[in-house]
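Okay, so here's the structure we're looking at.
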Amino acid sequence: MSVLDSPVVAMLRAVVALLCLQACALAAPTGGAPWSASGHGRIINGTDASIADFPWMVSLQLDGDHWCGASVIGDSWALTAAHCVFRHEVANMSMRAGTSTRGSGGVVLNVSQAIIHDEFSNISAEYDIAVVQVCEPFPLGPTVQPVVLPADGYDPPAGLPVTATGWGSTRDGGAAEELQSADLEVLPRSECEARLGEIHEVTASMLCAGHPSRAVCHGDSGSALVHAGTQVGVVSWGNPSCLSPVAVYGNVASARAWIRGATGV
């Protein structure tokens, strides 16, 4: 056996490959922690949630595995984060809808196109919003329903109670197959700027929300932040460790006109 064929070298190759995979999965937006990819775990300190209570939630999948969250906004359209679809082939995307379990149940639909906001920046995370169209209409019913979108220009005030849902990672990395929810509140942008400003500037295209002990994390990107059934935010980025009382969301109202122009919704 040559040195190149030794078990030690094989193990090192495997480790390097794993690290490369993880690095690629968490690559955008540059500098931040885009919360897609791990597909394991749940919102930190969240609780099990029923899809019947959040029927707009869908799992955006790459090659059949959960990658990001998304929300149904029309018969054949869903809203997600731009970095979730940036540089990915539509042919590799699908959506699982109508189930609380990210890997089973409901219905899986192929994706026909993904449109990224015209002003999205992979460097600054500005307008981290995209819309995705499925090949066949969503089977609307008790567990699949569009979320309400806010009026153009609405700016959620600090203190507004909001709920985040998703299939993202826990603090300890433990896996949970069931949809999770966490009650948070909108915070002044200045608070996210103070805590996260070294990563990205927090602008009007972004929304700041959080809680002292609950947080979104990797795998939650693209998921909805809602108030009373209206989606005000899209999970975008935050502290790489996720252990922060604040996180940044795409501000849906700031992109409302663009969403309408791209989808007719």
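What follows draws every value from the coordinates through simple rules; no lab data is involved. A quick note: this is a predicted structure, and the numbers were derived from the prediction, not measured. No Cβ is skipped: glycine too gets one built from the backbone with ideal geometry, and neighbour counts run over all protein chains shown.
Note on segment 78-125: Rg/Rh from C-alpha atoms, Kirkwood Rh, equals 1.04.
Pairwise Cα separations in segment 145-265 fall into 5 Å bins from 0 onward with the following percentages, short to long: 2, 12, 22, 25, 19, 12, 6, 1, 0. If one computes P(r) from the Cα atoms of segment 121-163, what percent of pairs lie at distances over 11 Å? Counting pairs separated by more than 11 Å, the tail of P(r) holds 82 percent.
Counting only Cα atoms, the size of segment 54-183 along its three principal axes is 37, 33, 31 Å, in decreasing order. Of the trypsin sites (Lys or Arg not before Pro) found in segment 65-109, the ones in coil according to DSSP and having at most 11 other Cβ atoms within 10 Å of their Cβ are Arg87.
Calculated FRET efficiency, Asp155 to Ile123, Cβ-Cβ distance, R0 = 25 Å: about 0.55 to the nearest 0.05. Multiplying the residue separation of Ala91 and Asp53 by 0.36 nm and subtracting their alpha-carbon distance yields 10.6 nm. With a simple spin-label model that places each label point 7 Å from the Cα along the Cα-to-Cβ direction, the separation between Ala194 and Glu136 comes to 5.2 nm.
Taking every alpha-carbon pair under 8 Å whose residues sit at least 6 apart, segment 99-195 reaches a relative contact order of 25 percent. Asp152 sits among other residues whose Cβ lies under 13 Å from its own Cβ, and their net charge, with Lys and Arg +1 and Asp and Glu -1, is +1. The gain in end-to-end length when the Val265 to Val148 segment is fully stretched comes to 41.1 nm, 0.36 nm per residue minus the alpha carbon separation.
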